[in-house]
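S.K.: Here it is, the structure in full.
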Amino acid sequence: MYTASHPLDGKVLYQIYPRSFRDENGDGVGDLKGITRKLDYLRGGDKSLNVDVIWISPFFTSPMADFGYDVSDYCDVDPLFGTLDDFKELLKEAHARGLEVLIDFVPNHTSDEHEWFKEARASRDNPKRDWYIWRDARADGSPPNNWQSVFGGSAWQWEEATGQYYLHSFHAKQPDLNWENPEVQQAIAEAMRFWLDMGIDGFRVDAVSWMAKDPSYGDDPIRIADGKEYIEQVYGKNGPRLFDYLSMIADVVASYEKKFMVVEAWLPEWTNMAGYDEYYRKINAAVCAPFNFSPILAPWEASRFKSMTDGFLEGVEPGDLPVFCFSNHDQSRIASRIGVDEARAAAVLQLTLPGLAIMYYGDELGMIDRAIPRDQVQDPANGGLGGRDPERTPMPWDDSQFGGFSEVKPWLPLGDISMENVANQWERPHSMLSLYRELLNLRRDNPAIHKGDYRPIRTPSQVFGYTRQSGGVTVTVLVNFSAEFITYEDADLSGEVILATHSRDTDGVHARIELGPREALIIEHR
Ligand code: GLC
């Protein structure tokens, strides 16, 4: 059994990719004023989702080689997104609605256009040289090891001027900071305090696995998959000092009242609690939790969801906050990954599992990936068609020419706006948005779903289910992962269906219930 104990348990976080939420200044790219304009949709208005927390992907000064994940000034806003005053206004308006604000923080790397790197690359004896990771070439001029960047190709970039390579685990315009250097640790802590002092509620911390390298800097292993050789990233991340560095960051957060951070941790073994428990045990769990990406990575199979969810919730300890993550700006949209019907069932899991629920903007509309024509591709990590652009298309608010996102042609094409937009889905009773609104209301108002104890239950193999219970209220959640009708039987079950992903003839449940193909149900017990 799992019992909720963290203050954020039961709440809902909504991720905003600022380029794509709402463009207020008419340049085709979303901005901070656009987010402020749409806050009523998120919380406190007449037509609100009423989520509790937002996380805004980077809006800091940046040459945008990785759309803001290449930061050239941690303590300022890029003019594309607005000004610091625009952010302060956003924060004030969010707080006035009872909405908490997490901002993205990118500690592993800066932009190559950050002042720190400009100094570091200027000469070998510059005081900031050691803020980044420099190595000599091998005898034949090749990079110091075979490490690969996440975006493809060698992770080492040759600098002619000073005759050394620098390390970039991502884009060549994102040089890795040298976390072994205490000055780097202090500079990052200062940048975090800048925002915490301003009153933000915490951070989503980017790509933390890469902060610590294996000190051997040894070659990574070469593996074979589908008959092709590839180099597996091993030694360039998850190094022995990772939790020292993360604890330093967590200490900064913990030195303020009621702040929190969620870290983007990539585990070598993601189905196994063993990977996560280090994050909970070695970092102050009151202020830090790792995303659990299993719902994104696992195949859509009942047995997999059952084992990873039950196993995870058995493994966490009192005070830990589970953060199951079904979607984000780096992954194919849920409905494209698993199917449109399946996405309705996934919504039920997303909002009835314990912990801090995560939604990515547009999940509530059932947005699907939009294929991006080759000549319009924006993402630097564009290995597949469009890279990550397909899941970053503008939020469609209405059926006007540019979907109410902008008055001009947006930076990425919109999806099929006649099908999916906030205005028309809000009115349609069986739309994805209506389903999400029902689920969000239940998560807030039904004590069992909000913070109730979680217990695994026995189900037919194609069904994943559990109960949540608080005081006298118990609900059973059942999700049919298959395309067949399946009967669930439990002699003690007597109650009423309070939510179904598909329309049903009857709501009463007595000892048995038939689940339709890909259907998910919430049954409240009497
Ligand atoms: C994280 C971000 C991703 C970014 C990368 C480099 O994985 O989520 O969008 O490209 O880090 O900062």
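The values are calculated or read from the model by the stated rules, or taken from the named source; none is laboratory data. All figures in this text were calculated on a predicted structure; none of them were measured in a lab. Using ideal geometry, Cβ is built from the backbone for each residue, glycine included, and neighbour counts are taken over all protein chains shown.
S.K.: Assess whether ASP46 counts as being surrounded by fewer than 20 Cβ atoms within 10 Å (Cβ to Cβ), acidic (Asp, Glu) and either within 16 Å of the ligand (Cβ to nearest atom) or at pLDDT below 95 (or both).
M.R.: yes
S.K.: Quick check on GLU364: is it away from the ligand (no atom under 14 Å from the Cβ), over 13 Å from PRO295 (Cβ atoms) and outside any loop (DSSP other than H, G, I, E, B)? Lay out the reasoning, then the answer.
M.R.: Working: away from the ligand (no atom under 14 Å from the Cβ): yes; over 13 Å from PRO295 (Cβ atoms): yes; outside any loop (DSSP other than H, G, I, E, B): yes.
Taking the combined requirement at face value, the residue satisfies it.
S.K.: I need the full set of residues from region 157-197 which are within 15 Å of the ligand (Cβ to nearest atom) and either acidic (Asp, Glu) or in contact with a Gly (Cβ under 7 Å, 6 or more places away or on another chain) (or both), in order please.
M.R.: Hits for region 157-197 are SER169, ASP176.
S.K.: Can you tell me which residue is surrounded by the fewest Cβ atoms within 10 Å (Cβ to Cβ) among those in region 446-475 that are more than 27 Å from the chain's Cα centre (by Cα) and assigned to a strand (DSSP E or B)?
M.R.: Only one residue tops the list, namely VAL473.
S.K.: Is it the case that VAL29 is assigned to a loop (DSSP other than H, G, I, E, B), touching a helix residue (DSSP H, G or I) at 6+ places or on another chain (Cβ under 7 Å), among the hydrophobic types (A, V, I, L, M, F, W, C) and in contact (Cβ under 8 Å) with a residue 24 or more places away in the chain?
M.R.: Yes, satisfied.
S.K.: Taking the residues in region 130-149 that are of a type in the set (Ser, Thr, Tyr) and in a loop (DSSP other than H, G, I, E, B) as candidates, determine which candidate is farthest from SER111 (Cα to Cα). Break it down into steps so the answer makes sense when it comes.
M.R.: The initial filter retains those residues of region 130-149 that are of a type in the set (Ser, Thr, Tyr), namely 132, 142, 149.
Add one more test, that the residue is in a loop (DSSP other than H, G, I, E, B), and what stays is 142, 149.
Working: SER142: 24, SER149: 15 Å.
Among those that are of a type in the set (Ser, Thr, Tyr) and in a loop (DSSP other than H, G, I, E, B), it is SER142.
S.K.: Taking region 150-187 only, how many residues are modelled with pLDDT of 95 or more and part of a loop (DSSP other than H, G, I, E, B)?
M.R.: Here the count works out to 17.
S.K.: Name every residue in region 322-348 that is within 21 Å of SER5 (Cβ to Cβ) and away from the ligand (no atom under 16 Å from the Cβ), in order of residue number.
M.R.: PRO322, PHE324
S.K.: Taking the conditions exactly as written (within 29 Å of SER5 (Cα to Cα) and either buried (at least 24 other Cβ atoms within 10 Å of the Cβ) or small (Gly, Ala, Ser) (or both)), does GLY319 satisfy them or not?
M.R.: Numbers: within 29 Å of SER5 (Cα to Cα): yes; either buried (at least 24 other Cβ atoms within 10 Å of the Cβ) or small (Gly, Ala, Ser) (or both): yes.
So GLY319 passes the test.
S.K.: Between SER154, SER209, which is within 29 Å of ASP379 (Cα to Cα) and within 16 Å of the ligand (Cβ to nearest atom)?
M.R.: SER209
S.K.: State the number of residues belonging to region 80-115 that are more than 13 Å from the ligand (Cβ to nearest atom) and touching a strand residue (DSSP E or B) at 6+ places or on another chain (Cβ under 8 Å).
M.R.: 15
S.K.: I'd like to check which helices (runs of 4 or more DSSP H) are fully inside region 190-300 and have at least 1 residues that are exposed (fewer than 15 other Cβ atoms within 10 Å of the Cβ).
M.R.: Passing ranges, in order: 242-254, 273-282.
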